Amino acid sequence: MNLEKLSSPILVTRAVLPSYQSYIDKIKQIWDTHWLTNQGALHQEFQNQLKNFFDFEHVTLCVNGHLALDLAIKALRLQGEVITTPFTFVSTTHALTMNNLRPVFCDIKPTDYTIDEDKVEALITPETSAILAVHVYGFPCAAEKLERIARKHNLKLIFDAAHVFGVEYNGRSIANYGDVSMFSFHATKVFNSIEGGALVYGNPELEKTLDLFKNFGIANAEQITEIGLNAKMNEFQAAMGLCNLEGFEKEIINRSHLADIYYDRLKQIPGIVLPKPSDKITKANFAYFPILVDESSYGITRDVLFEKLANYNIYARKYFYPLTCDCECYNGLYAGAELETARYTAQRILTLPIYGTLDPEIVIMICDIIQTNCILGRKM
Ligand code: T4K
């Protein structure tokens with residue numbers, strides 16, 4: 001392929017939109033009823049459809065994924081320490097910290113970058129109240145093993161499932177694991193409701209508490225029983241979610257073709273390490289396409305490759321660098337944590353553009369740029 005700078009930028013993702021007309025049709029009822037938010041009819045319809053989608057009775061919708069996570073932490077009344085991963089979007093760590101919990105960072109696995117389940121137990125102390133694990137990039141954690149650890153030590157288990165909408169593990173929805181899973185429906189996700197999020201859980205008693213917390217703790221007009229916040233999903237979001245749900249399977253199929261091209265073309269390049277997700281995944285969602293750049297055999301660093309791609313108008317992202325525990329706002333508080341694999345990975349990871357409408361020719365071009373810049377590739 002002739003490698004020339006693209007005339008318009010290719011970004012790491014591109015928000016999925018339904019047809020303009022289908023959204024207009026869906027929001028018409030908002031004009032008919034003047035009902036914009038606070039558990040309206042579209043909210044109800046979206047919630048019901050998601051219950052079917054997850055095959056779960058308990059789904060709580062929220063204005064965004066971050067506040068959904070915040071609500072889950074509040075509703076489970078966590079205290080003290082929570083064992084978690086630093087290889088995630090800052091939301092995960094901020095949610096703990098803003099609830100006055102102490103994150104205890106556990107290292108990750110080099111295969112799929114999820115929390116290393118074999119290192120969790122050593123971090124448990126009398127102060128530990130929960131494990132907050134992340135199914136990063138769409139790759140599920142070792143969910144059964146984490147459940148066993150949580151049960152044995154009487155800990156709550158929360159999954160930050162922001163990246164795994166639609167993923168099945170062992171033949172059923174990934175939402176089946178842990179006390180509660182948080183899914184993000186942000187514009188950048190495989191499935192979006194503009195902004196939005198949902199909590200999926202099995203315990204019916206959680207539902208009432210979550211509904212209270214997400215609406216200021218208002219039990220009725222004269223009784224405020226919790227110190228809650230406002231995390232309600234509005235009707236425009238629910239309408240977008242309903243429309244996008246219809247196109248979701250197609251989005252995943254399109255992404256899977258692009259992922260196949262990436263895998264086929266990148267697997268032979270020295271120093272480009274591809275993830276090895278769990279073989280218990282029975283349905284993947286191709287939410288992100290991470291590569292790890294091992295400069296010792298590739299020849300240039302992740303940062304240099306990032307710039308090389310940018311020279312062609314292609315903008316990969318360094319998700320997730322820096323580790324959340326190393327973010328400036330945490331003032332070096334966690335500098336001593338033993339996070340060898342997480343630190344190694346954060347320095348070398350690069351997520352390549354992937355979204356359903358991405359032209360496969362662009363994916364081939366990205367692979368060619370990566371191949372061309374490999375020192376060993378150049379000698380051949
Ligand atoms: N836990 C995890 C593990 C998460 O990854 C996230 C969010 C959360 C919790 C919290 O869930 P939410 O509260 O967000 O529901 C983005 C997203 O804002 C964030 O949702 C996401 N994770 C994170 C990994 O990525 P940025 O700052 O990188 O986004 P931004 O604005 O640079 O957008 C990235 C690309 O997406 C753009 O280059 C183009 C495309 N884009 C973006 C927007 C906003 C569109 O095509 N349309 C759009 O409207 O954080």
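Hey, among the residues in the stretch 283-337 that are more than 13 Å from the ligand (Cβ to nearest atom) and among the β-branched types (Val, Ile, Thr), which one's surrounded by the most Cβ atoms within 10 Å (Cβ to Cβ)?
Filtering first and then ranking leaves Val293.
Just a yes or no: is a residue in the stretch 45-67 closer than 23 Å to Pro204 by Cβ, open to solvent by 60 Å² or more (accessible area, probe 1.4 Å), assigned by TED's automatic domain parsing to the domain that holds Met240 and at pLDDT below 95?
yes
For the stretch 246-282, enumerate the residues that are open to solvent by 30 Å² or more (accessible area, probe 1.4 Å) and either among the hydrophobic types (A, V, I, L, M, F, W, C) or under 20 Å from Cys141 (Cα atoms) (or both). Reasoning before the result, please.
Quick first cut of the stretch 246-282, residues open to solvent by 30 Å² or more (accessible area, probe 1.4 Å) only: 246-247, 249-250, 253-254, 257, 260-261, 263-265, 267-268, 270, 273, 276-282.
Result: Ile253, Ile261, Val273, Lys276, Pro277, Ser278, Asp279, Lys280, Ile281, Thr282.
If you check every pair at least six apart or on different chains, which have Cβ atoms under 6 Å apart with a residue in the stretch 209-235 that is under 13 Å from Asp70 (Cβ atoms) first and a residue that is among the basic types (Lys, Arg) second?
Listed pairs, sorted by first residue: Phe213/Lys74; Lys214/Lys232; Ala231/Lys214.
Of the residues Thr351, Thr341, Thr345, which single one is among the β-branched types (Val, Ile, Thr), part of a strand (DSSP E or B) and surrounded by 14 or more Cβ atoms within 10 Å (Cβ to Cβ)?
Working: Thr341 fails: part of a strand (DSSP E or B); Thr345 fails: part of a strand (DSSP E or B).
One residue alone meets the criteria, Thr351.
What number of residues in the stretch 120-136 are open to solvent by 10 Å² or more (accessible area, probe 1.4 Å) and either within 16 Å of the ligand (Cβ to nearest atom) or not in a loop (DSSP other than H, G, I, E, B) (or both)? Don't jump to the end; show me each part of the working.
Filtering the stretch 120-136 down to residues open to solvent by 10 Å² or more (accessible area, probe 1.4 Å) leaves 121-129.
Subset that is either within 16 Å of the ligand (Cβ to nearest atom) or not in a loop (DSSP other than H, G, I, E, B) (or both): 121-123, 128-129.
Adding up the residues that qualify gives 5.
Please determine whether any residue of the stretch 71-84 is in contact with an Asp or Glu (Cβ under 7 Å, 6 or more places away or on another chain) and of a type in the set (A, V, I, L, M). Give the derivation first.
First, pick out the residues of the stretch 71-84 that are in contact with an Asp or Glu (Cβ under 7 Å, 6 or more places away or on another chain): 76, 80-81.
Pick out the ones that are also of a type in the set (A, V, I, L, M) and you get 76.
Yes: the stretch 71-84 contains one or more residues that are in contact with an Asp or Glu (Cβ under 7 Å, 6 or more places away or on another chain) and of a type in the set (A, V, I, L, M).
Could you check the stretch 137-249 for strands (runs of 3 or more DSSP E) lying wholly inside it with 2 or more residues that are within 14 Å of Cys62 (Cα to Cα)?
Working: elements: 156-160, 180-184, 197-201, 218-220.
Output list reads 180-184, 197-201.
Are there any pairs with C-beta distances below 9 angstrom linking a residue in the stretch 141-156 that is outside the structural domain of Phe87 (by TED's automatic domain parsing) to a residue that is in a loop (DSSP other than H, G, I, E, B) and at pLDDT below 95, with the two at least 6 apart or on different chains, and if so which?
Every condition considered, no pair remains.
Can you list residue pairs whose Cβ atoms sit under 9 Å apart, with the first residue in the stretch 1-21 being more than 10 Å from the ligand (Cβ to nearest atom) and the second being in a loop (DSSP other than H, G, I, E, B) and not hydrophobic (A, V, I, L, M, F, W, C)? Count only pairs 6 or more apart in sequence or on different chains.
Listed pairs, sorted by first residue: Leu3/Tyr312; Glu4/Tyr312; Lys5/Tyr312; Lys5/Asn313; Leu6/Tyr312; Leu6/Asn313; Ser7/Asn313; Ser8/Asn313.
How many residues, within the stretch 22-35, are touching a residue at least 12 places away in the same chain (Cβ under 8 Å), open to solvent by less than 90 Å² (accessible area, probe 1.4 Å) and more than 16 Å from the ligand (Cβ to nearest atom)? Before you say what the answer is, go through the steps one by one.
Within the stretch 22-35, the subset touching a residue at least 12 places away in the same chain (Cβ under 8 Å) is 22-23, 26-27, 29-30, 35.
Now drop any that are not open to solvent by less than 90 Å² (accessible area, probe 1.4 Å), which leaves 22-23, 26-27, 29-30.
Checking which are more than 16 Å from the ligand (Cβ to nearest atom) leaves us with 22, 26-27, 29-30.
Here the count works out to 5.
The values are calculated or read from the model by the stated rules, or taken from the named source; none is laboratory data. Owing to the predicted nature of the structure, the values given are computational and were not obtained by experimental measurement. No Cβ is skipped: glycine too gets one built from the backbone with ideal geometry, and neighbour counts run over all protein chains shown. All accessible areas refer to the heavy atoms of the entire protein, side chains included, with ligands and DNA or RNA removed. Shrake-Rupley method; radii C 1.70, N 1.55, O 1.52, S 1.80 Å.
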